[in-house]
Amino acid sequence: MESTLKTEVSTPREKRIVACIENHPGSSSGQIAERLGIPLPTVKKSLAGLVLRGVLVKEGRLKSTVYYIG
């Protein structure tokens with residue numbers, strides 16, 4: 001799985017987001033933004049791309065949405 005993450009995670013910001021979720025599984029986008037000091041809209045855009053590529057799994061809806069490593 002390590003090699004898959006290296007090819008699917010393309011930017012330093014995405015690498016930071018994935019590392020944050022590895023350390024804090026089940027984090028919301030707001031928690032990730034706060035932990036990393038990245039604006040929430042930027043985090044949400046990156047999360048959407050990571051979910052689309054299968055790097056992350058999204059669970060829940062609206063404010064109860066959380067993310068895990070895919």
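The values are calculated or read from the model by the stated rules, or taken from the named source; none is laboratory data. All values reported here derive from a predicted model rather than from experimental measurement. Glycine gets a Cβ as well: all are built from the backbone with ideal geometry, and neighbour counts include every protein chain shown. Remember, those area values only see protein heavy atoms, side chains included, never the ligands or the DNA or RNA. Shrake-Rupley method; radii C 1.70, N 1.55, O 1.52, S 1.80 Å.
Values computed for the structure shown
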{"read-out": "Cα-projected label distance for residue 40 with residue 59, points at 7 Å along beta-carbon direction, nm", "value": "2.3"}
{"read-out": "Amide H contacts of residue 57 (H built 1.01 Å from N, under 5 Å, at least 5 apart or other chain)", "value": "68, 69, 70"}
{"read-out": "Inter-probe distance in nm under a simple model that places probes 7 Å from Cα toward Cβ, at residue 48 and residue 68", "value": "2.4"}
{"read-out": "Sulfur and carbon atoms: percent of accessible area, the chain [1.4 Å]", "value": "53"}
{"read-out": "Taking the chain and dividing mean pair separation by its residue count, relative contact order in percent (alpha carbons under 8 Å, at least six apart)", "value": "35"}
{"read-out": "Rounded accessible area per residue of the chain, 1.4 Å, Å²", "value": "65"}
